[in-house]
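I have placed the structure first, in the form of structure tokens, so that the comments after it can refer back to it.
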Amino acid sequence: MNLRSKNVFTLFFRSSFGLPLGTWIVVSIVYYWWLISRINVLETQNKVFKSQLKLSQNVMRQIETDSTYKVPEIPDEVGTLCETVHIALVCMGKCTRIIMPMLKSLLQHRQNPIHFHFIVDTAAEQTISKLFDTWDLPDVKYSCYNAQNRLSQVRWVPNSHYSGIYALVKLLFPDILPDSLQQVIVLDSDLTFLCDIAELWNIFNNMTENQLFGLVENESNWYFDTAKRWPALGRGYNTGVMLLDLNKIRNKINWTKVWHSAVNENIELLKQTTLADQDVINAIIKKDPILVYNISCQYNVQMSTKTLAKGCYGEDRNNIKIIHWNSPSKYNIRIRDADYFKNIHLSYVNFDGNLLRQKLHTCSQTEPVTYKINYSDLCSSFRAAQRVKLRTHLYYMEYTYADIDNFDVTLVLQLSMDRLQFLERLVKYWEGPLSAAIYLSDCEVTKFESFIRDWSDTLSSRKNIGYHLVFKHDDVHYPVNYLRNVALENVNTPYVFLMDVDFVPMAGLYDHLRDAVKIINPYAQKKCLVVAAFETQRYRASPPRSKAALRARLANDVAPFRAREWPRGHRATNYTKWINANAPYNVEWQSDYEPYLVVHRSVPKYDTRFSGFGWNKVSHSVELRAQGYQAVVLPGAFVVHTPHAPSHDITAFRADPHYRVCLAILKQEFMDDLKRKYNVTFEEPSKQESIYLGQAKSLLHNQKDKL
């Protein structure tokens, strides 16, 4: 016996184990028998699990392909989730940018249908309408009431509020809002909701017949200085969140007479209102306290510089229902818990507004939601650009410009956030108005604002640039033609210059184009003015600023745009003739011609089926040709393209054969539509495009065989 065997033998007879070898053998056999039986049980359970998994997969597959899912239906009754909550806001002047975080926070927490009643001026009405029409929110309606002509009704009231005359417009609500609207929640634009708005709506049920207003007490000692402040009951009330019973106001009192009297009784002594409508309403309540219902302070926690809000929520910030940034400093106030509340606000600044499109329940009729993919359409991701509504916020930054005359020209372009530096460079060489559609996500908005306001002296000093934000959607390629249409639709000059952001205009191009429009009068003659496009491959070299400088560099670092990669795109411009031309000259439209044009703003819109890279500008040129537009090249005007990294879509076009196949399909469909619409026929598909169309038919056939 070797040493190892001896040690093993000795192990079973050590006193510490207390058992002979035979007993250990019996115990081992019993243990192994039990282990085998457990394995059999586990295998049986595993078969059951596999069977259940297969069954669930079949069910899920059936849901994806055949059946529909119906959201729960709830009756439309008072007190249910389907009772509509009516909300009124003044949105005039610069309101539309400020109001977005509040709207997101309110909509995230709501379950009931919402009807917004916006009191607007002409500019805000355009922005609000476009925003809500493209946001496509379920169970949300909106109405706009243009009160621009009603401002004279409050202009006589002396007022020093930082919002100016707009801060007095709430006094006109009973007259502006429709008689059919009996109750409404009135909100300021600088709120952050942490609760369901229906909680406030239900408080109407607690108000007595004599109570016209539901208000939260003012959370500062402002009104205690009776020598300088308007009369108020105790600390007074804050009107940033207000329940307004319109039915009682109209039937029980003469509202206009009441608020006029309150102003006239106090204005001689106090000279002006400081807090606008809030001063007037507090004076009314002071005289007749029975008119007010006291709402819990949780629904209007005020972040003013001298706030007493801590006395409302104590040490438990979870008690807060609505945060109110009622200070001229807004989100920059320095008080206790300010950073905590500011972070909540910023979370809604960055919140993806597309998430609010989810439908929670249905109130009027059964609306089935079908989860089904059309596998037979290879180009569904392209067609989504036409189907999906892209949330669009017009004139996001301040815009002030009026066209000078009938020959004025607006530069129209589109870009993504990574091209902002190109916009800054371009603006240095373009003095006229500009309309830019920018594709970005919600979380990029703050970066965009900061770039315009804090980092670019050029852009921050210009007020004649219309910034139109279009928010990203995961289901679409870069919606280049939709963006162009947004920019094109929002100009207020007779003519537009259709260009891309990665070009640099020659010196004085704006004035040059205005002069050319005056001489040629393109609208009357249905003409497009072609601006010649060149390119340089030098990253650091300054583009030529005059035609003489450009001619001197043609043999070196400047060449006609895409002369090697895509000669058909600009060949029709006839660069050989352009070099020595002194007068405008006509050119014939050619296949794939995509020049940069000056044209009347009534020009046809771009076809949105073309997204991503390829044929997006060409399709527009083809339609201009079909409508009988003439192309006239300006011999003294040019722009220069500078090099940059390729976009994601051009990389996909080069790498993915399906991308090119789909583009060929869309082009053929477009040409067929054009033929039916205008009864015209242009060139047949090129040999390469015919190859792609053949590949498409083959792929479609294979897809059908697999289904």
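Kindly provide the set of residues from the range 116-139 that are within 22 Å of LEU483 (Cβ to Cβ) and of a type in the set (Gly, Ala, Ser), ordered by number.
Across the range 116-139, the qualifying residues are ALA123, SER129.
List the number of the failed condition for LEU171; all other conditions in (1) in a helix (DSSP H, G or I); (2) in contact with an Asp or Glu (Cβ under 6 Å, 6 or more places away or on another chain); (3) open to solvent by 20 Å² or more (accessible area, probe 1.4 Å) hold.
With respect to (1) in a helix (DSSP H, G or I); (2) in contact with an Asp or Glu (Cβ under 6 Å, 6 or more places away or on another chain); (3) open to solvent by 20 Å² or more (accessible area, probe 1.4 Å), LEU171 is out only on (3).
Which residue is farthest from the chain's Cα centre (by Cα), if the candidates are limited to the range 455-472 and must be touching a residue at least 24 places away in the same chain (Cβ under 8 Å) and not in a strand (DSSP E or B)?
Out of the qualifying residues, it is THR458.
Which residue, of THR256, THR305, is within 30 Å of LYS342 (Cα to Cα) and either in contact with a Gly (Cβ under 6 Å, 6 or more places away or on another chain) or surrounded by fewer than 22 Cβ atoms within 10 Å (Cβ to Cβ) (or both)? Give the steps one after another, and end with the answer.
Values: THR256 fails: within 30 Å of LYS342 (Cα to Cα).
That would be THR305, the only listed residue that is within 30 Å of LYS342 (Cα to Cα) and either in contact with a Gly (Cβ under 6 Å, 6 or more places away or on another chain) or surrounded by fewer than 22 Cβ atoms within 10 Å (Cβ to Cβ) (or both).
Could you list, in sequence order, all residues of the range 88-109 that are open to solvent by 20 Å² or more (accessible area, probe 1.4 Å) and farther than 14 Å from ILE128 by Cα?
GLN108, HIS109
As an exercise: evaluate TRP578 against (1) aromatic (Phe, Trp, Tyr); (2) more than 24 Å from PRO494 (Cα to Cα); (3) out of contact with any Pro (no Cβ under 9 Å at 6 or more places or on another chain) and give the number of the one condition it does not meet.
Tallying (1) aromatic (Phe, Trp, Tyr); (2) more than 24 Å from PRO494 (Cα to Cα); (3) out of contact with any Pro (no Cβ under 9 Å at 6 or more places or on another chain), TRP578 fails exactly one: (3).
Anything in the range 115-125 that is touching a helix residue (DSSP H, G or I) at 6+ places or on another chain (Cβ under 7 Å) and open to solvent by less than 20 Å² (accessible area, probe 1.4 Å)? List them, or say none.
PHE118, ILE119, VAL120, ASP121, ALA124
Condition check: closer than 21 Å to ILE185 by Cα and either free of Cβ contacts under 8 Å to residues at least 60 places away in the same chain or in contact with a His (Cβ under 9 Å, 6 or more places away or on another chain) (or both). Does VAL292 satisfy that?
Answer is no for this residue.
Mind checking which residues of the range 593-602 are touching a residue at least 40 places away in the same chain (Cβ under 8 Å) and closer than 26 Å to ALA563 by Cα?
PRO595, TYR596, LEU597, VAL598, VAL599
Could you check the range 435-454 and list, in sequence order, the residues that are hydroxyl-bearing (Ser, Thr, Tyr) and open to solvent by 10 Å² or more (accessible area, probe 1.4 Å)?
TYR439, SER441, THR446, SER450
Could you tell me which numbered condition SER180 fails, if it satisfies all but one of (1) touching a residue at least 60 places away in the same chain (Cβ under 8 Å); (2) over 30 Å from the mean Cα position of the chain (by Cα)?
(1)
Tally up the residues in the range 623-657 that are part of a helix (DSSP H, G or I) and modelled with pLDDT under 70, please.
Going through the range 623-657, the residues part of a helix (DSSP H, G or I) turn out to be 623-626, 648-655, 657.
With the extra rule that they be modelled with pLDDT under 70, the set shrinks to 648-655, 657.
Final tally of qualifying residues: 9.
Condition (residue is assigned by the TED database to the domain that holds MET102 and closer than 24 Å to TRP201 by Cβ) applied to the range 303-325: is it met by at least one residue?
no
Test LYS605 against the stated conditions and say whether it is surrounded by fewer than 16 Cβ atoms within 10 Å (Cβ to Cβ) and either in a helix (DSSP H, G or I) or in contact (Cβ under 8 Å) with a residue 24 or more places away in the chain (or both).
Values: surrounded by fewer than 16 Cβ atoms within 10 Å (Cβ to Cβ): yes; either in a helix (DSSP H, G or I) or in contact (Cβ under 8 Å) with a residue 24 or more places away in the chain (or both): yes.
Spelling it out, LYS605 is indeed surrounded by fewer than 16 Cβ atoms within 10 Å (Cβ to Cβ) and either in a helix (DSSP H, G or I) or in contact (Cβ under 8 Å) with a residue 24 or more places away in the chain (or both).
State whether one or more residues within the range 228-241 are of a type in the set (A, V, I, L, M), in contact with a Leu (Cβ under 8 Å, 6 or more places away or on another chain) and open to solvent by less than 40 Å² (accessible area, probe 1.4 Å). Please lay out each step first, then the result.
Just the residues of the range 228-241 that are of a type in the set (A, V, I, L, M), to begin with: 232-233, 241.
Next cut, in contact with a Leu (Cβ under 8 Å, 6 or more places away or on another chain) only: 241.
Subsequent filtering for residues that are open to solvent by less than 40 Å² (accessible area, probe 1.4 Å) retains 241.
Taking every residue of the range 228-241 in turn, at least one turns out to be of a type in the set (A, V, I, L, M), in contact with a Leu (Cβ under 8 Å, 6 or more places away or on another chain) and open to solvent by less than 40 Å² (accessible area, probe 1.4 Å).
Does TYR69 satisfy the criteria of being farther than 25 Å from ASN205 by Cα, modelled with pLDDT of 95 or more and open to solvent by 40 Å² or more (accessible area, probe 1.4 Å)?
Criteria not met by TYR69.
I'd like the residue in the range 564-574 that is free of Cβ contacts under 8 Å to residues at least 60 places away in the same chain and surrounded by 14 or more Cβ atoms within 10 Å (Cβ to Cβ) and, out of all such residues, is nearest to GLN590 (Cα to Cα).
ALA572
Which pairs do you get when a residue that is open to solvent by 30 Å² or more (accessible area, probe 1.4 Å) and among the aliphatic types (A, V, I, L, M), found in the range 320-338, comes within reach of a residue that is at pLDDT 80 or above and in a loop (DSSP other than H, G, I, E, B), reach meaning Cβ atoms under 8 angstrom, with the pair 6+ apart or on two chains?
ILE335/MET303; ILE335/THR307
Please state which one of ILE290, ILE281, ILE267 is open to solvent by 30 Å² or more (accessible area, probe 1.4 Å), of a type in the set (Val, Ile, Thr) and under 20 Å from VAL169 (Cα atoms).
The conditions single out ILE267.
Any idea which residue in the range 406-433 is farthest from MET506 (Cα to Cα), counting only those that are assigned to a loop (DSSP other than H, G, I, E, B) and open to solvent by less than 40 Å² (accessible area, probe 1.4 Å)? Can you show your working first?
Kept after step one, since they are assigned to a loop (DSSP other than H, G, I, E, B), are these residues of the range 406-433: 406-408, 428-433.
Right, trim to open to solvent by less than 40 Å² (accessible area, probe 1.4 Å) and you get 408, 430, 432-433.
Numbers: ASP408: 18, TRP430: 9, GLY432: 13, PRO433: 16 Å.
So, considering only residues that are assigned to a loop (DSSP other than H, G, I, E, B) and open to solvent by less than 40 Å² (accessible area, probe 1.4 Å), the one farthest from MET506 (Cα to Cα) is ASP408.
The values are calculated or read from the model by the stated rules, or taken from the named source; none is laboratory data. All values derive from a computational prediction rather than experimental measurement. Don't worry about glycine lacking a Cβ; one is built from the backbone with ideal geometry, like all the others, and counts go over all protein chains shown. Heavy atoms of the whole protein, side chains included, go into the accessibility calculation; ligands, DNA and RNA do not. Shrake-Rupley method; radii C 1.70, N 1.55, O 1.52, S 1.80 Å.
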